[in-house]
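A quick write-up on the structure given underneath.
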Amino acid sequence: MPDPWAPLRALLRDAVAAGQPPGFGLSLWVRGGEQLLLEEGQAELRPCSRPVRPHQPYDLASLTKVLCTTPLALALVGRGLLDLDAPVTRWLPDAPVGVSARQLLDHSSGLPAGPRYIGRWRPRAWPGAAPPRGSGCTRRPGARPC
């Protein structure tokens with residue numbers, strides 16, 4: 001029987017061979033069962049190259065903010081439960097002073113790009129939600145990102 005996934009496999013492998021992207025992982029589940037698992041290329045290029053593993057977690061380059069956090073924040077704004085311009089210290093007392101939810105959402109808080117949490121996240125912990133005082137901003141709050 002021919003492989004129904006052969007065209008997809010070829011497309012993804014050709015993309016990796018061309019360097020765009022350097023690697024991928026794909027797990028397709030249907031009715032509670034994994035039907036397809038593909039991985040190819042490199043999961044990380046710097047500081048050292050590391051191949052993709054099955055079920056490799058990825059840093060999605062802040063897509064979580066676009067796909068999840070922003071819609072949830074706007075829903076809270078719509079219900080009157082969140083003021084985007086209020087200092088986040090209202091909810092996270094150890095957060096840097098003067099940073100608002102709006103600034104966190106639009107990358108203008110002045111905070112440095114966060115450390116990578118993949119591989120360190122634990123279900124019972126919130127990974128770095130409140131950076132410790134003194135973690136420092138790299139730009140003043142409200143400054144546009146580089």
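Nothing in this text is a laboratory measurement; each read-out follows from the coordinates by a stated rule. Worth saying up front: this structure is predicted, and the values here are computed from it rather than measured. Cβ coordinates were reconstructed from backbone atoms using ideal geometry, including for glycine residues, and neighbour counts include every protein chain displayed.
For region 1-76, state the average projected area of the convex hull of the C-alpha atoms over all orientations, rounded to one decimal in nm².
On the way: hull surface 30.2 nm².
If I average the Cα hull's projected area over directions, I get 7.6 nm².
Taking amide hydrogens as modeled 1.01 Å from N in the peptide plane, which residues meet the under 5 Å criterion relative to Ala43, leaving out close sequence neighbours?
Arg50, Val52
Relative to a virtual label point 7 Å from the Cα of Leu67 in the Cα→beta-carbon direction, which members of region 8-30 show backbone nitrogen distances below 19 Å?
Under 19 Å, as judged by backbone N against the label point of Leu67, lie 12, 21-30 of region 8-30.
Between Leu105 and Leu37, what length in nm is gained on full extension when 0.36 nm per residue of separation is reduced by their alpha carbon distance? Don't jump to the answer; show the numbers that get you there.
Working: separation 68, 0.36 × 68 = 24.48 nm, distance 3.33 nm.
Between Leu105 and Leu37, full extension yields an extra 21.2 nm.
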